[in-house]
1. Just need a number here: residues in the stretch B:223-258 that are touching a residue at least 12 places away in the same chain (Cβ under 8 Å) and either among the β-branched types (Val, Ile, Thr) or touching a strand residue (DSSP E or B) at 6+ places or on another chain (Cβ under 9 Å) (or both).
2. Give me a count of the residues in the stretch B:116-133 that are of a type in the set (Val, Ile, Thr), open to solvent by less than 40 Å² (accessible area, probe 1.4 Å) and under 15 Å from the mean Cα position of the chain (by Cα).
3. Open to solvent by less than 70 Å² (accessible area, probe 1.4 Å), under 23 Å from B:LEU161 (Cβ atoms) and of a type in the set (Ser, Thr, Tyr): is that true of B:SER42 in this structure?
4. Restricting attention to the stretch A:244-265, does a residue exist that is β-branched (Val, Ile, Thr) and surrounded by fewer than 19 Cβ atoms within 10 Å (Cβ to Cβ)?
5. For the stretch A:139-159, which residues satisfy the criterion of being open to solvent by 50 Å² or more (accessible area, probe 1.4 Å) and closer than 23 Å to B:VAL196 by Cα?
6. Of everything in the stretch A:33-58 that's over 14 Å from A:SER21 (Cβ atoms) and within 16 Å of ligand 2 (Cβ to nearest atom), which residue is farthest from the other protein chains (Cβ to nearest Cβ)?
7. Please enumerate the residues belonging to the stretch A:217-240 that are over 16 Å from A:PHE113 (Cα atoms) and away from ligand 2 (no atom under 15 Å from the Cβ).
Amino acid sequence: MPDPFIQVEGLYKVFGARPQSVMDQVRGGKSKDNILAETSHAIGLRNINLSIDKGGIFVIMGLSGSGKSTLIRHFNRLIDPTEGRIVIDGVDVLALTQKDLEKFRRHKMSMVFQQFGLMPHKTVIENIAYGLSIQGVNKKSRVEKARHWLEAVELGGYEDQYPIQLSGGQQQRVGLARALCTDADILLMDEPFSALDPLIRSEMQGQLIRLQEKLQKTIIFITHDLDEALLLGSRIAILKDGELIQEGEPKDIMLNPIDDYVAAFVKNVKRANFSAS
Amino acid sequence: MADSSWLTKFPVMERTDLLAIRKTLDEAYREFSRSYGDPIESFFDPLLRFLVWFEKLLLNSPWWAVIIALTVLVYFASRSWKQCLGVIAALMLIGYFGMWDNTMRTLSIITVCTLLSIFIGIPIGITMARSDKVQAVVTPTLDIMQTMPAFVYLIPVVMLLGIGKVPGVIAVVIYAVPPVIRLTNLGIRLVEKEVVEAATAFGANSWQRLWDVQLPLAMPTIMAGINQTIMMALAMVVIASMIGVKGLGQPVLKSITNQYFTLGLFNGLAIVALAIIFDRVSQAYARRAHRHLERIESA
Ligand SMILES: Nc1ncnc2c1ncn2[C@@H]1O[C@H](COP(=O)(O)OP(=O)(O)O)[C@@H](O)[C@H]1O
Ligand SMILES: [Mg+2]
């Protein structure tokens, strides 16, 4: 069997002053609350093992505080792990030097943020072209390319507006266009639609599905909403208190929830579908 | 019972010991200024030359040329005719009441002190924002600098460099620089976390992050710091006149010793007028430069 596109092995993240000092207790299985109370270290992730194949949308789901944002920030090393290994397309991400890491971030993956993370002092077109400007692409060709992605997210005509002048949904489309503009293989999306109204959210979901049909990127998508996970995900992983408790195809999760935590998610969906019909 | 006198009287250090400590420290500092005073003074030579040049420029240009130049500057900073008219009126009154030369001297020294504070303060603030350790050291230092009576700064500066413009500028800068440092640090730390993360995620290095994202977004806060620094520099100018800084401070000082109330008041008002001009212009500039960071109210 070939190596998976993205592989995470034995990943731990402990927040606090001296993470190493509590690793024994973390590995020993002591609960997150106890460790926090006794040592004032917070467990972000505990022994995460994951394989993600190329292409498709890999959804990571969990309640607020379960470690989703922490996990996704490990792929591009916005957060460094306390322990573990991450290999992406044959590259050991943790072994990269600062320079190589910057290069890797510029070309290999891009990211979409929950609160959009747009630069308020740059216009829409400058925001979309941001990744290319960091790569050193000259102004003419980066604006040309940015304009293409502006059209792709149906925001033509807004190039010279500032983010503050746009609605939330429009801002997130700028965020999406900015992420697509660098042609990176991997797209990291941290609850990209959670801050949006339900109607706008489903529009955006539709747009993402249409774009993905054409682009066939590898998308890591975070949500706390199982409906969204089922709609978008080719596989779903479920996090609870920093631990990965179940991973599989959407139907596996629906049919065989591994415990009450997962069952609670599933039940909500069933009820929602029931009342809708 | 003589042994328990410390219960009723504070067990104070022997007078001779105290004297010895003071003597040693003062002597050491005097020794330091004797051996390093000259090199340090020549280090500040370019600053002195610039100060003299700038003051001469303001003093020797015809008054109307200065007013025109300042009005043009104010217009470009604020784009407001009202502010320009205010500035013209204030300067005319100052000139009419015979305070033109001193106002020009003060204007020149404040300009130099402000520029110097910015050049020193912003890099320190940036360093502070990037490291919690640096912040832990610099913050209490600034606290001390800001609570220390301003007169105390004058002593070592005068011992080192004597009386004159340069020691005056140094004392003013020491007194006035803390707000720029503090607010640069604060402004950078308050930049929305996801925006900085976004820059990092797209591969920006720390220099690009600073230049492209953190500094522009911190700029309104930094401008507020610069504004406070200017106000503090203006306040310090009166005190610095005690060590030979010419300008509006000297007549104020003279009025205190001779009880000339009106003279003090007029020169005080001229300082206030300068303060208002600096304040309005820098704030208008800050607002105009960062208007797209906030929602436009009328839209
Ligand atoms: N910088 C940090 N310092 C301390 N604890 C943190 C930090 N970031 C996250 N955590 C903790 O890690 C856990 C997971 O957080 P996060 O990944 O943001 O969860 P989610 O995105 O699933 O809501 C939470 O308990 C949070 O308190
Ligand atoms: Mg989160």
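The values are calculated or read from the model by the stated rules, or taken from the named source; none is laboratory data. Computed from a predicted model, the values in this text were never measured in an experiment. Using ideal geometry, Cβ is built from the backbone for each residue, glycine included, and neighbour counts are taken over all protein chains shown. The protein model used for the area step is the full one, side chains on, heavy atoms only, and it has no ligands, DNA or RNA in it. Shrake-Rupley method; radii C 1.70, N 1.55, O 1.52, S 1.80 Å.
1. So the answer is 9.
2. Residues meeting the conditions: 1.
3. Yes.
4. yes
5. Of everything in the stretch A:139-159, those that are open to solvent by 50 Å² or more (accessible area, probe 1.4 Å) and closer than 23 Å to B:VAL196 by Cα turn out to be A:LYS139, A:ARG142.
6. A:ILE48
7. If the condition is that a residue be over 16 Å from A:PHE113 (Cα atoms) and away from ligand 2 (no atom under 15 Å from the Cβ), then A:LYS217, A:THR218, A:LEU226, A:ASP227, A:LEU230, A:LEU231, A:LEU232, A:GLY233, A:SER234, A:ARG235, A:ILE236 are the ones that fit.
Residue-wise test of (1) within 16 Å of ligand 1 (Cβ to nearest atom); (2) under 27 Å from A:SER66 (Cα atoms); (3) not in a helix (DSSP H, G or I).
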residue: A:ARG178; (1), (2), (3): no, no, no
residue: A:THR182; (1), (2), (3): no, no, yes
residue: A:LEU187; (1), (2), (3): no, yes, yes
residue: A:ILE200; (1), (2), (3): no, yes, no
residue: A:LEU239; (1), (2), (3): yes, yes, yes
